[in-house]
Amino acid sequence: MASTPPYTLKWGIMATGRIASSFVKDLLTDPTTRNVYDVRHQLVAVASSTSKEKAVDFCARVKAPSGVKTYASYTELVADPDVDIVYVATPISHHFQNTMLALEAGKPVLCEKAFTVTASQTKKLVANARAKNLFLMEGVWTRHFPLSVNVRELVSSGAIGTVYRVIADNSFNQDLPDSKLGFADSHRMVNLDLGGGAMLDLGIYSLTWLMQILYHLQPEKEKESPTVVSAINKYHTGADEMTSFIIQFPKHKSMGIGMTALRIASGVDYGFTGGPAIKIQGSGGEIQVLGPAFKPRQYRVIKKDGGGEIEVVDCPFPKDKNRDDWGHGMYWEADECARCLRDGKLESDTLPLDESIVIMELMESVLKQGGVEYPEIITNDVYDPNSLLNTGKA
Ligand SMILES: NC(=O)C1=CN([C@@H]2O[C@H](COP(=O)(O)OP(=O)(O)OC[C@H]3O[C@@H](n4cnc5c(N)ncnc54)[C@H](OP(=O)(O)O)[C@@H]3O)[C@@H](O)[C@H]2O)C=CC1
Ligand SMILES: O=C1OC[C@@H](O)[C@H](O)[C@H]1O
């Protein structure tokens with residue numbers, strides 16, 4: 001246990017949707033329930049682009065402590081001097097303009113995945129954060145799980161030899177009769193206006209598994225950006241509903257095979273009975289990761305010379321009994337933000353900004369090869385504080 005008092009990070013929450021609620025409930029859990037003693041979190045403000053009532057209702061829903069400020073605009077939130085960092089929890093379509101709004105107001109940002117709709121937008125966010133000396137991170141929570149940390153360490157230690165291939169799938173079982181999916185056409189999962197489609201929302205997790213092993217662990221001097229080929233089936237809205245891609249690292253002789261789909265599932269029971277959705281294959285063995293690619297719960301290590309023995313490691317998500325037994329797993333990325341801000345770091349070593357740019361370039365290429373096109377208002381990379389995406393008002 002640390003003897004100095006924990007560093008407190010004061011959060012401002014932009015948007016009041018589903019993931020904002022899960023994230024804030026995680027912020028409000030006691031960090032010691034996950035054995036964290038060096039940092040803690042305080043919710044200071046919540047903003048809805050729609051109305052103050054929505055922000056007030058949100059606070060009630062997450063059982064926020066009294067005194068949290070509520071705003072009816074994102075502009076008011078980013079101007080609040082008590083806010084240390086802004087969490088952007090809007091649809092993907094809005095991330096570029098909303099993150100820029102916060103950076104322009106001098107606020108560090110944690111922005112939900114996918115970072116943006118285009119690579120050019122991500123590059124502009126990164127350039128702006130760097131120019132202003134502000135912390136910025138893409139919110140790919142899975143990277144910060146102890147499970148991911150353990151698996152990366154295992155691979156680095158050579159536990160399964162040289163890794164030559166990673167296979168990862170993140171697919172949702174949303175098939176309905178008449179070629180329909182279980183989302184209304186207006187839903188952010190399939191609506192092009194909101195950056196919808198399997199790749200940006202779910203495929204990013206498959207790509208995360210490929211990249212955190214095959215790219216992130218490469219020594220800095222040998223970092224090799226991969227080439228990519230893809231195949232896409234489109235939904236009737238124009239968004240991608242089934243997307244597969246192969247990334248290749250010629251110098252390292254390695255490949256990653258990524259899949260995502262809205263119509264079928266990632267195997268029976270996310271791999272617990274039907275085979276894992278993530279396999280990390282090396283010259284000396286294999287690591288299998290079980291559970292949904294965005295929230296896996298177990299990994300298995302099978303060594304070539306292990307005589308058939310399988311090491312099974314469960315990685316639970318700590319819950320806080322005093323917060324309705326809540327604990328989703330987003331607190332680890334929040335802890336990472338707190339440690340970075342405490343230590344004066346402008347980016348995380350776990351998901352560096354240059355890596356987010358490479359990831360965004362890959363996703364853009366995957367979608368372009370499949371002919372997916374998003375509307376101009378959400379691909380535009382010119383910041384506009386008065387954009388409908390910032391004000392919510394036409
Ligand atoms: N890390 C994870 O596990 C998950 C991450 N996500 C990511 O989080 C983001 C938000 O997803 P989610 O919370 O499920 O989405 P929701 O639709 O539930 O919420 C989005 C919120 O954004 C705000 N918003 C602003 N403009 C619009 C608009 N035109 N249409 C809809 N909402 C708008 C709204 O809040 P308000 O009216 O208050 O401004 C709304 O409540 C996405 O980027 C998604 O990829 C989503 C789910 C899981
Ligand atoms: O990020 C995500 O992970 C969990 C899914 O339920 C959600 O749709 C997606 O946005």
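Every number here is computed from the coordinates shown, using simple stated rules; none is lab data. Since the model is a prediction, treat every value here as computed from it, not as a measurement. All Cβ positions, even for glycine, are placed from backbone atoms using ideal geometry, and neighbour counts span all protein chains on display.
A Förster distance of 41 Å, applied to the separation of the beta-carbon atoms of His236 and Glu311, puts the FRET efficiency at 0.35.
Only Lys, Arg, Asp and Glu carry charge here, each on its Cβ (+1 for the first two, -1 for the last two); on that basis the chain has a dipole of about 320 debye about its Cα centre.
Give Lys107/Lys345; Lys221/Lys251; Lys295/Lys368; Lys234/Lys368; Lys180/Lys234; Lys223/Lys253 a once-over and call out the pairs whose C-alpha atoms are over 19 Å from each other. Going by Cα-Cα distance, Lys295/Lys368 fall outside the 19 Å limit.
About the centre of its Cα atoms, segment 268-394 shows a dipole size close to 440 debye [charges on the beta carbon of Lys, Arg (+1) and Asp, Glu (-1) only; nearest 20 debye]. Using the Stokes-Einstein relation with a Kirkwood hydrodynamic radius computed over Cα pairs, the translational diffusion coefficient of the chain at 10 °C and a viscosity of 1.306 mPa s comes to 74 µm²/s. What FRET efficiency, computed as 1/(1 + (r/R0)^6) with R0 = 30 Å and r the Cβ-Cβ distance, is obtained for Ser283 and Lys368, rounded to the nearest 0.05? The calculated FRET efficiency here is 0.30.
Simple rule: put +1 on each Lys or Arg Cβ and -1 on each Asp or Glu Cβ in the chain, find the dipole, and look at Thr379, Met137, Val190; the Cα lying farthest toward the positive end is Met137.
For the chain, set up a GNM with springs between Cα atoms under 10 Å and report which of Ala60, Ala15, Ala159 has the largest fluctuation. Top of the fluctuation ranking is Ala60.
Counting only residues at least eight positions apart within a chain, or on another chain, the aspartates and glutamates with an alpha carbon under 15 Å from that of Lys321 are Asp26, Asp30. Note on Ala184 and Ser225: the extension gain reaches 11.1 nm, defined as 0.36 nm multiplied by sequence separation minus the Cα-Cα distance. Stretched out straight at 0.36 nm per residue, the stretch from Thr391 to Lys295 would grow longer than its current Cα-Cα span by 31.3 nm. In the chain, the DSSP-assigned H stretches of four residues or longer account for a calculated mean residue ellipticity at 222 nm of -8000 deg cm²/dmol, using -39500 (n - 2.57) per stretch and the full residue count as denominator. For segment 146-314, place one equal point scatterer on every Cα, skip the solvent, and apply the Debye formula. What is log10 of I(q)/I(0) at q = 0.09, 0.12, 0.14, 0.15 Å⁻¹? Debye intensities relative to I(0), on a log10 scale: -0.33, -0.56, -0.74, -0.83. Structural size metrics of segment 12-112, computed from C-alpha coordinates, are Rg and Dmax of 13.0, 38 Å.
When peptides 339-345, 42-48, 208-214 are sorted by average Cβ neighbour count within 10 Å, with the highest value leading, the order is 208-214, 42-48, 339-345. Once the chain from Thr32 to Asp349 is taken as fully extended at 0.36 nm per residue, the excess over their C-alpha distance is 111.8 nm. GNM remark for the chain: springs join alpha carbons under 10 Å apart, and the peak mean-square fluctuation among Thr29, Thr273, Thr70 falls on Thr273. For segment 99-108, 3J(HN,Hα) computed residue by residue from phi via the Karplus equation (6.51, -1.76, 1.60; θ = phi - 60°) reads 5, 4, 4, 5, 4, 4, 8, x, 9, x Hz, glycine and proline entered as x. Charge dipole (Cα centre; +1 on Lys/Arg Cβ, -1 on Asp/Glu Cβ; no other charges) of segment 146-314 amounts to roughly 360 debye. Counting only residues at least eight positions apart within a chain, or on another chain, the lysines with an alpha carbon under 19 Å from that of Lys54 are Lys25, Lys63, Lys69, Lys393.
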